[in-house]
Amino acid sequence: MFTKKFYTTLLSLVFVLTTIAGVSAQSNKRADAHAKAKISEPVNLAILIQDDLVPKVGNEIKVTKDFIRSLPDGSQVMVAYITANTLQVRQQFTADTNVAANSLRIPVGSTSASSYAPYNQVLEALKLFDKNSKNTNAILLISDGLDVSQGFDSQSILNSTDLERSIKRANEKNITVYSFYAPSAGLTSNNSSLALLGQGALNKLSDKTGGRAFFQGTIGFVTFDSYFERLSKEINERNERIG
């Protein structure tokens, strides 16, 4: 006869094995999704991060590093921060994706680094691409998208001079701009109307250069995980269309 203790132990073992199996299945599913989402062809990618974004963006450094390291051989990566209306290049274009990944740092995350004209620094970044490279050229702009250098009304923000110039210059250089929205520690974390305008500006920049803007809601911020998966798919699909 089996004792009550035996059955209790057996049930506990079954529970543990079932849990392990479930976790393993979920891990495999995530791994498969990540593998499918990888960019398939070499890319020249400039990653620009607005330095005054909310502190939660600092939690996304690891997933951003993982994305950089997943890029195919032959890719070139630049990492720069938009801080106080200057472009601080942490790493010039390099084929060493590990070096590029390690150049990332946690954003300042305060209004001391606020940039009121982020698209001016996009213009600066566009100058740094190698015009002789055969790779696909792209920018990933991580920003709240808000340019208030010419005023706080919708027309000034959605049609700022630097935004329009960035679109024009990117198209001339055949550089696609993708963007991730995150609120800043100042204006867009407290004002949903300004957040919407910032998202609208990012969407305009990405849409008119052949890219895509990624955002969820106006004030909240969760994670870049799904953004990077969708970004990889977007770049692969674009390469297929123009290939």
Work from the charge dipole of the stretch 42-242 (Cβ charges, +1 for Lys and Arg, -1 for Asp and Glu, about the Cα centre) and give the residue of 106, 122, 70 farthest towards its positive end. 70
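Under unit Cβ charges (Lys, Arg +1; Asp, Glu -1), what dipole magnitude, rounded to 20 debye, does the stretch 42-242 have relative to its Cα centre?
340 debye
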Across the stretch 42-242, how many lysine pairs separated by 8 or more positions, or lying on different chains, have Cα atoms within less than 17 Å? 9
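Using the number of other C-beta atoms within 10 angstrom as an exposure proxy, rank 124, 60, 234 with the fewest first.
Details: 124 15, 60 25, 234 19.
Going from sparsest to densest Cβ surroundings: 124, 234, 60.
Within 13 Å, Cβ to Cβ, of residue 209, how many net charges do the neighbouring residues add up to if Lys/Arg are +1 and Asp/Glu are -1?
Working: positive: 165, 168, 169, 173, 204, 208, 212, 238; negative: 164, 172, 207, 234.
Around residue 209, the surrounding residues sum to +4.
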Quick check: residue separation of residue 84 and residue 161 times 0.36 nm, minus the Cα distance between them. What number comes out in nm? 25.9 nm
Theoretical FRET efficiency, 1/(1+(r/R0)^6), r = Cβ-Cβ of residue 106 and residue 40, R0 41 Å, to 0.05: 0.85
Listed residues 191, 177, 226: farthest to the positive end of the dipole of the stretch 106-241 (Cβ charges): 177
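Quick note: the coordinates plus some simple rules give every number you see, no bench work behind them. Every value quoted in this text rests on a predicted model; they were computed, and no experiment measured them. Backbone-built Cβ (ideal geometry, glycine too); neighbour counts: all protein chains shown.
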